[in-house]
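Enquirer: For reference, the structure I am asking about is given below.
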Amino acid sequence: MLAKQIIEENLNILEEGKRLDNFKKNIKKASLPLGIATIIGSATLPAIRLMKAPEQIKQHQEVRAEQARQFQEVYNKRVEALRNKITELKKGIPARYEHEKHTEIWNIFRQYQGDIPDLFLETLVEIESQWHPNATRKNVGGSYDSGLMQVNTEGALAQYNKAHKTEYTKEQAKDLNLNIRIGTYYLHWLVNNYNVSYNNPELLYIKYHRGPNATEHNTASRQFMAVYNRNKKEKEDEIKNKIERLEKDMIRLIAK
C-alpha cells in the first residue's frame with residue numbers, strides 16, 4: 001500500500017514536466033517490490049520537485065518580460081515628465097502661476113485677466129489696496145479709487161461705463177467680481193489704445209494710476225517697480241529651487 005502511494009505521488013509530480021514523460025510511462029508499467037519502489041521514490045522525488053516543465057519556464061519568462069516592459073515604460077514616462085517640467089521652468093516666470101494665498105480673488109482674475117501677467121496683477125493689487133476688497137480712497141482732484149484694484153471713478157470706472165453703457169457707482173465698484181472686471185478691462189483698453197505693453201510694467205502702471213496720457217515717472221511708479229522687482233526676484237528664486245530639486249530627482253531616478 002505504501003509503495004503504491006509513493007508511486008502515485010511521483011506520477012503526479014512527473015506530470016508537470018513533459019521531458020519526463022517516458023520515465024512516467026515506465027513507472028506506470030512496472031510492478032516493483034516495495035523496497036525498490038521506495039528507493040526510486042525517495043531518490044527521484046527531490047530532483048523532480050525542483051524541475052519545471054518547459055511551458056512553465058516559458059510562462060515565467062513571459063511574465064518577467066512583461067513586468068520589465070511595464071517598468072521601463074513607467075520609468076521612461078517619469079524621466080520624460082521631469083525633463084519637460086525642468087525645460088518649462090527654465091523658460092522663466094510664466095504668465096500665470098499657482099497662488100497659495102487669495103485663491104478666491106485669483107479665481108475671479110482667471111475669468112477676466114486674459115494675457116495680463118500674474119506678476120503685474122499681484123504687484124498692482126499689493127500697491128493699490130493691499131488685497132482689501134473694500135478699500136476706498138479720495139483723491140486730491142475729487143475722484144475716488146474703489147475696491148481691490150482701486151478703480152478710479154474718472155478713469156477706469158468712467159471708461160467702463162461708457163464702453164458698456166452702464167452707470168456703476170464707486171460703491172457698486174467695490175463688488176469684488178465687478179471691480180476685477182472693470183480693472184482688467186481698463187488694463188486691456190490701455191494696452192490696445194495707448195502704445196504700452198506688459199513688457200513695460202512701470203509705464204503701464206503710470207497710465208493705470210494717473211490716466212492714459214501720463215508718462216512721467218514719480219514716487220508711486222518707483223514704489224510700484226520696487227515691489228514688482230521684489231516679487232519677481234522671489235518668483236525667480238522659487239523657480240530656481242524647483243529646478244534644482246527636479247534635477248536631483250532626475251539624477252536619483254537615472255542612478256537606480
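The values are calculated or read from the model by the stated rules, or taken from the named source; none is laboratory data. The model shown is predicted, which means the values in this text are computed figures rather than measured ones. Here Cβ is always computed from backbone atoms with ideal geometry, including for glycine, and neighbour counts include all displayed protein chains.
Enquirer: Any residue that is assigned to a helix (DSSP H, G or I), touching a Ser or Thr at 6+ places or on another chain (Cβ under 8 Å) and not hydroxyl-bearing (Ser, Thr, Tyr) - is there at least one of those in region 162-169?
Expert: Scanning region 162-169 turns up no residue that is assigned to a helix (DSSP H, G or I), touching a Ser or Thr at 6+ places or on another chain (Cβ under 8 Å) and not hydroxyl-bearing (Ser, Thr, Tyr).
Enquirer: Here is a list of conditions, (1) under 16 Å from residue 116 (Cβ atoms); (2) in contact (Cβ under 8 Å) with a residue 24 or more places away in the chain; (3) in contact with a Lys or Arg (Cβ under 9 Å, 6 or more places away or on another chain), and residue 196 meets all of them except one; can you say which number that is?
Expert: (2)
Enquirer: Then there's this: Can you name the residue in region 228-251 that is of a type in the set (Lys, Arg) and over 20 Å from the mean Cα position of the chain (by Cα) and is also farthest from residue 205 (Cα to Cα) among such residues?
Expert: Checked region 228-251; the qualifying residue farthest from residue 205 (Cα to Cα) is 233.
Enquirer: Kindly indicate whether any position in region 95-105 is in contact with a helix residue (DSSP H, G or I) (Cβ under 8 Å, 6 or more places away or on another chain), among the hydrophobic types (A, V, I, L, M, F, W, C) and either surrounded by 12 or more Cβ atoms within 10 Å (Cβ to Cβ) or over 27 Å from residue 237 (Cβ atoms) (or both).
Expert: yes
Residues checked against (1) surrounded by fewer than 17 Cβ atoms within 10 Å (Cβ to Cβ); (2) at pLDDT 95 or above:
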residue	(1), (2)
185	no, yes
197	yes, yes
200	yes, yes
222	yes, yes
230	yes, yes
249	yes, no
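Enquirer: I need a count of the residues in region 50-79 that are of a type in the set (A, V, I, L, M) and in contact (Cβ under 8 Å) with a residue 40 or more places away in the chain.
Expert: Qualifying residue count, region 50-79: 1.
Enquirer: If I filter region 138-155 for residues that are within 22 Å of residue 203 (Cβ to Cβ) and in a helix (DSSP H, G or I), do I get at least one hit?
Expert: Looking for residues that are within 22 Å of residue 203 (Cβ to Cβ) and in a helix (DSSP H, G or I), one finds none in region 138-155, hence no.
Enquirer: Which residues, taken from region 139-161, are surrounded by fewer than 24 Cβ atoms within 10 Å (Cβ to Cβ), without any contact (Cβ under 8 Å) to a residue 40 or more places away in the chain and in contact with a Pro (Cβ under 9 Å, 6 or more places away or on another chain)?
Expert: The answer is 159, and nothing else.
Enquirer: Let me ask something additional. Taking region 34-91 on its own, how many of its residues are at pLDDT 55 or above and either surrounded by 11 or more Cβ atoms within 10 Å (Cβ to Cβ) or closer than 30 Å to residue 254 by Cβ (or both)?
Expert: 39
Enquirer: Here's a follow-up. Of the residues that sit in region 83-98 and are touching a Lys or Arg at 6+ places or on another chain (Cβ under 9 Å) and of a type in the set (D, E, K, R), which one is nearest to residue 201 (Cα to Cα)?
Expert: Looking at the filtered set, the residue picked out is 96.
Enquirer: Do you know which residues across region 99-137 are acidic (Asp, Glu) and either within 20 Å of residue 204 (Cβ to Cβ) or modelled with pLDDT under 95 (or both)?
Expert: Matches in region 99-137: 100, 115, 118, 122, 126, 128.
Enquirer: Just to be sure I understand, how many residues within region 184-227 are part of a helix (DSSP H, G or I), over 33 Å from the mean Cα position of the chain (by Cα) and among the hydrophobic types (A, V, I, L, M, F, W, C)?
Expert: The qualifying residues number 4.
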